[in-house]
1. Evaluate the stretch 10-25: report whether one residue or more is under 14 Å from Gly181 (Cβ atoms), outside any loop (DSSP other than H, G, I, E, B) and among the hydrophobic types (A, V, I, L, M, F, W, C).
2. In the stretch 122-131, which residues are among the aliphatic types (A, V, I, L, M) and either at pLDDT 95 or above or loosely packed, with under 12 Cβ neighbours inside 10 Å (or both)?
3. So for the stretch 22-45 (the condition being in contact with a helix residue (DSSP H, G or I) (Cβ under 8 Å, 6 or more places away or on another chain) and touching a residue at least 60 places away in the same chain (Cβ under 8 Å)), does at least one residue qualify?
4. Going residue by residue through the stretch 140-155, is there one that turns out to be in contact with a Cys (Cβ under 9 Å, 6 or more places away or on another chain), closer than 18 Å to Ala49 by Cβ and either open to solvent by 30 Å² or more (accessible area, probe 1.4 Å) or among the charged types (D, E, K, R) (or both)?
5. If you take the residues of the stretch 90-107 that are out of contact with any helix residue (DSSP H, G or I) (no Cβ under 8 Å at 6 or more places or on another chain) and either charged (D, E, K, R) or surrounded by fewer than 16 Cβ atoms within 10 Å (Cβ to Cβ) (or both), which of them is nearest to Glu39 (Cα to Cα)?
6. Looking at (1) touching a Pro at 6+ places or on another chain (Cβ under 9 Å); (2) of a type in the set (A, V, I, L, M, F, W, C); (3) over 18 Å from Phe29 (Cβ atoms), which is the only condition Ile79 fails?
7. Can you tell me how many residues within the stretch 85-100 are within 19 Å of Leu26 (Cβ to Cβ) and either in contact with a Phe, Trp or Tyr (Cβ under 7 Å, 6 or more places away or on another chain) or among the hydrophobic types (A, V, I, L, M, F, W, C) (or both)?
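The values are calculated or read from the model by the stated rules, or taken from the named source; none is laboratory data. Fair warning: this is a prediction, and the values are worked out from it, not measured in the lab. Counting neighbours? That spans all protein chains shown, and the Cβs are built from the backbone with ideal geometry, glycine included. Only protein heavy atoms, including side chains, enter the accessible area calculation; ligands, DNA and RNA are left aside. Shrake-Rupley method; radii C 1.70, N 1.55, O 1.52, S 1.80 Å.
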Amino acid sequence: MSHSPLTFLFGVLGNVTSFVCFLAPLPTFYRVCKKKSTEGFQSIPYVAALFSAMLWIFYAYVKTGETLLITINSFGCVIETIYLAIFITYCPKKVRMSTLRMIVLFNFGGFCTIVLLTHLLAKGAGRVKLLGWICVVFATSVFAAPLSIIRVVIRTKSVEFLPFPLSMLLLLSAIMWLLYGISLKDIYVTLPNVVGLTFGVFQIVLYAMYRNNKTVKDEKLPEHKGDIDNNENAAPTVSGETQEQVNTDAGDIEIGEKKEEKKEEKKEDTVAEEKRDKTCLSNNNNNNENNKKTEEKESSEV
């Protein structure tokens, strides 16, 4: 299917912006490889992105002539597979098993189920419509994923967790694919990007509102300090005079203890000397008795 030059231009620009968006997690996975740890990152966004790319490739294949959709989503499948391979390599064993289960469930089981259902339940143009609405539902849910970040930004009034370059790239990507869908008169490409455009504009507005605010970390520092000072379980501070008194009392106690120890040692020495004296006296008495017995025996013999 041939496209008008304007449609082709929007498609190429959509490929470029989406290509950069797919590369956005590279610093994260570079850090994962360097530290050999996923550091609590979740695999769900990458499993969902891979599944979405697979669905759009299948949609473009069924519709025929959608080369620009196939090119970017093929690259998306490759890069998301690499991300997931790195994640599975360095994540904990429990997380690895859950990630593998998600991949088998969604990217294999779910995709195969959709392929079978679209072939069994619809034919021709009906198949394109059924598959198109499946793509709309899933792509819309993916575009709605930043809601959690938006909620954090509104609550903290800080854009610390809302990187402006990525938000702008996602907005530009949604605009390009929206224009591509409109020029192509493809409602299934247009609808998800209307949602993407809405959330993208909302993120940029939030960034403009809170960009000059302090970061969340800076705002929480005074609160933490106050908590420490007013904490009932915190260790009490000791003044200089009290500290000297404590040290003096401790010194007196140590001196008293040393005196007691010396007295005990003297008592033990005295007891030991008495025992030795008694032993010596008993030995002398025994020797005297033995001498007397020997003298008496000698005198009797004479």
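1. Yes, there is a match, as at least one residue in the stretch 10-25 is under 14 Å from Gly181 (Cβ atoms), outside any loop (DSSP other than H, G, I, E, B) and among the hydrophobic types (A, V, I, L, M, F, W, C).
2. Initial filter on the stretch 122-131 (among the aliphatic types (A, V, I, L, M)): 122, 125, 128, 130-131.
Ala125 - this is the single residue of the stretch 122-131 that is among the aliphatic types (A, V, I, L, M) and either at pLDDT 95 or above or loosely packed, with under 12 Cβ neighbours inside 10 Å (or both).
3. For the stretch 22-45, residues in contact with a helix residue (DSSP H, G or I) (Cβ under 8 Å, 6 or more places away or on another chain) and touching a residue at least 60 places away in the same chain (Cβ under 8 Å): present.
4. At the first step, the residues of the stretch 140-155 found to be in contact with a Cys (Cβ under 9 Å, 6 or more places away or on another chain) are none.
Looking through the stretch 140-155, none of the residues is in contact with a Cys (Cβ under 9 Å, 6 or more places away or on another chain), closer than 18 Å to Ala49 by Cβ and either open to solvent by 30 Å² or more (accessible area, probe 1.4 Å) or among the charged types (D, E, K, R) (or both).
5. The residue in question is Pro92.
6. (3) is the only condition that Ile79 fails.
7. So the count comes out to 5.
Residue-by-condition table, conditions (1) within 26 Å of Ser167 (Cα to Cα); (2) small (Gly, Ala, Ser); (3) out of contact with any helix residue (DSSP H, G or I) (no Cβ under 8 Å at 6 or more places or on another chain):
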| site | (1), (2), (3) |
| --- | --- |
| Gly11 | yes, yes, no |
| Phe58 | no, no, no |
| Leu69 | yes, no, no |
| Ile88 | no, no, no |
| Gly109 | no, yes, yes |
